[in-house]
Amino acid sequence: MTPDFDRFDAAIAEARSSTDVWKALEDLARAVIGHELFTVMTVDMKENVARRAYSDHPAEYPTSGTKPITPNAWFDIVHGERRSFIANTIEDIAKLFPDHELIASMGLGSVWNLPVVLGGELVATINMLDEPHHYGADAVTKALPLLSVPAKLCCALALQFDSAVKKPD
């Protein structure tokens, strides 16, 4: 698919909530590289927790609660090196993701976690999952420059929307 940046631009311009922003990024990511599951995890390194801020499969991956950040090989790549994490088989996913059985039950077998860094800090990961071997090196290399800046924009906007909701009048 060819990404429609005009459509993304229009969706961002009309966004009224963080959900609208994430939906715009989800649609862009589908056009750029494709996915069967799309989630966004925000990261709070001060509290050492991650929270699912968006999910296109809320029954399986709801947007409630937090989970502790666990230092492991994934953390070293995504947080320490600020690089994408890619796994293209369920066996590789199972090494680091405790929900690998749910992932496999959904027919998924590859993952691309795109780190989003703002102000020098990891603030979120954009998580895309699809069938095994979907996120090959060539595909991700082509998709990364098309999604990196939009992901940063969406994170900044979502943080703005979410902080406005939390502020007392």
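Points to keep in mind about this one:
- Any pair with Cβ under 7 angstrom, 6 or more apart, that starts in segment 90-102 at a residue that is touching a residue at least 12 places away in the same chain (Cβ under 8 Å) and at negative phi and ends at one that is among the aromatic types (Phe, Trp, Tyr) and part of a helix (DSSP H, G or I): Leu96/Trp74
- Filtered residues of segment 102-136 (kept if surrounded by fewer than 16 Cβ atoms within 10 Å (Cβ to Cβ) and not in a strand (DSSP E or B)): Leu102, Ala104, Ser105, Met106, Gly107, Gly119, Gly120, Glu131, His133, Gly136
- Within segment 70-84, the presence of at least one residue that is touching a helix residue (DSSP H, G or I) at 6+ places or on another chain (Cβ under 7 Å) and basic (Lys, Arg) is confirmed.
- Qualifying residue in segment 137-153 (condition: basic (Lys, Arg), free of Cβ contacts under 8 Å to residues at least 60 places away in the same chain, surrounded by 12 or more Cβ atoms within 10 Å (Cβ to Cβ) and outside any helix (DSSP H, G or I)): no
- Single condition Phe75 does not satisfy, out of (1) of a type in the set (Phe, Trp, Tyr); (2) over 12 Å from the mean Cα position of the chain (by Cα); (3) under 24 Å from Ile12 (Cβ atoms): (3)
- Some residue of segment 7-18 being within 16 Å of the chain's Cα centre (by Cα), open to solvent by 40 Å² or more (accessible area, probe 1.4 Å) and either in contact (Cβ under 8 Å) with a residue 60 or more places away in the chain or under 28 Å from His100 (Cβ atoms) (or both): no
- The residues of segment 56-78 that are aliphatic (A, V, I, L, M), surrounded by fewer than 12 Cβ atoms within 10 Å (Cβ to Cβ) and without any contact (Cβ under 8 Å) to a residue 12 or more places away in the chain amount to a single one, Ala59.
- Those residues of segment 79-94 which are open to solvent by less than 40 Å² (accessible area, probe 1.4 Å) and part of a strand (DSSP E or B), in sequence order: Phe85, Ala87
The values are calculated or read from the model by the stated rules, or taken from the named source; none is laboratory data. These numbers were taken from a predicted model, which means no experiment stands behind them. Every residue, glycine among them, receives a Cβ derived from its backbone with ideal geometry; neighbour counts consider all protein chains shown. When the accessible area is computed, the model is the full protein with side chains, heavy atoms only, and any ligands, DNA or RNA have been set aside. Shrake-Rupley method; radii C 1.70, N 1.55, O 1.52, S 1.80 Å.
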